[in-house]
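Here's the structure, in structure tokens; my notes come after.
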Ligand SMILES: [Zn+2]
């Protein structure tokens, strides 16, 4: 059986949702969808079967491609759910993104029995995370969130102790969305680099399976609207971010807030992506910032505009903290390119694990990584290995932890007294000329040069632990380029003053002007 669906959308300034349906009236074992756009266009769709279950997904800049849903993973395109092809009414849910030219496409749907045609995308992979058995939509019913993985042996010469700092990357794309690598290529690159885990975050598509590997691969999705992107990391099932109206849910302020709430309800991490990277910066003015767990301070440092966008994001982050919005920093390579490929001719190539986010966990499981990252037990790095600890009254704290007052009842009168704290740190793999900068309450307070023959560093301070304070650390190189960034330790309870993104965006405008001035002075 074959259907030809053709459509042309008008020149809409906003992404538009449309549905095309076809009736399957004969038995079939596979379904192939040939998409052809008149010119290259950003195209997104998902396919639902006659039971309403999502069976295929795709998001990319394309002119031509073929997606196949077959009886097995080996015969099906990535992003699909292989299995029985039920008869009845199937639908293609399409989101056309705005462009200078209107979206004009044809979809040829073919259903058949026997020889299944090959698709243009890599296959789903033998490690299926989703099948057709669950009632919930795209439910990770086959994914084991508590399976324990072995840490990379490449990075650690001997077997690492547990708990440990595990190395990973929270943001990347394959050919299922607009990345250029296959899941196998991405896995190999991560293993080669000595990573312990990766998070796969396709644009608006949930990864349904992965090739068999001993690397911990955590499912995520980059919810991608025309006004900003955020990562839902460790989602357990599909969230309807599209809806059935012409304007997709994730395109409105109210709709995006609802999507953010649903991510939280599933226990996943909601992570604000590249918040200051124009034109992909966050533009939803009414987002209450407490809807995010983490903020991607450090997105692919090899992407030229990110050098400045990262510095701006760090400044916004300090402003968030000063206003009681305790978001934890996170890093992501946001990898799209092939191995060795660079955004700038002759520049450093974009690679998985650049930057790396190190997360402190008892053991290496998806659940442990998600929970620890949600609590800020992490730091980001392009090279230096750190072991930051805050010592107070004989106790040791991790980044992300609140330092508590441990005075006994009869010492209550002393509550107003200052407590002595020591920020201890071991540094290895830092280049010659690099240095440490400590920030207290968002202000640079102490600088120390790194001596490559010295591993141990300490900085002492005293705080009244009843007040709200926070301390964070950066490592920079001779040129002041960022090498590592540690999440804050804090004490006291912040009094929240600002909540909405617009209240921080206003501040951003001033920051941008400040940056221009700095450059003129240099
Ligand atoms: Zn993005």
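Points worth noting:
- Region 150-257: C-alpha gyration tensor shape, a/c 1.5 cut-off, then a/b vs b/c: prolate
- Residues 64, 291, sorted so that the one with the fewest Cβ neighbours within 10 Å comes first: 64, 291
- Between region 365-391 and region 245-277, the alpha-carbon center distance in angstrom: 25
- Peptides 267-276, 131-140, 118-127, ordered by how many other C-beta atoms sit within 10 Å of their residues on average, highest first, read 267-276, 118-127, 131-140.
- Nearest 10 degrees, 0 to 90: helix 253-265 Cα axis against the chain principal axis: 80
- Two-decimal Rg/Rh across region 5-79, once Rg and the Kirkwood Rh are taken from alpha-carbon atoms: 0.97
- In the chain, helical runs assigned H by DSSP with n ≥ 4 each contribute -39500 (n - 2.57); averaged across all residues and rounded to the nearest 500, the mean residue ellipticity at 222 nm is -4500 deg cm²/dmol.
- DSSP bridge pairs, the chain: antiparallel proportion in percent, nearest 5: 85
- Paramagnetic reach from residue 396 (point 7 Å along Cα→Cβ, amide N under 18 Å) across region 452-471: 455-460
- Shape of region 354-463, Cα gyration tensor, a/c cut at 1.5: oblate
- Relative exposure of 374, 363, judged by other C-beta atoms within 10 Å (fewest first): 363, 374
- Multiplying the residue separation of residue 142 and residue 113 by 0.36 nm and removing their Cα-Cα distance gives an extension gain of 7.7 nm.
- Between region 426-494 and region 15-64, the Cα center-to-center distance that results, in Å: 50
- Take each peptide in 106-113, 447-454, 27-34, count the other Cβ atoms within 10 Å of every residue, and average; sorted highest first, the result is 27-34, 106-113, 447-454.
- Prolate/oblate/rounded label for region 437-512 (Cα gyration tensor, a/c 1.5): oblate
- Using the Stokes-Einstein relation with a Kirkwood hydrodynamic radius computed over Cα pairs, the translational diffusion coefficient of the chain at 20 °C and a viscosity of 1.002 mPa s comes to 88 µm²/s.
- Span from the region 141-220 Cα centroid across to the region 73-123 one, whole angstrom: 26
- When peptides 490-501, 78-89 are ranked by their average number of other Cβ atoms within 10 Å per residue, the highest-first order is 78-89, 490-501.
- The simple spin-label model puts a point 7 Å past each Cα toward its Cβ; for residue 322 and residue 64 those points are separated by 5.6 nm.
No value in this document is a laboratory result; all are computed from the given coordinates. As the structure is a prediction and not an experimental result, all values here were calculated from the model. Cβ: placed from backbone, ideal geometry, glycine included. Neighbour counts: every protein chain shown.
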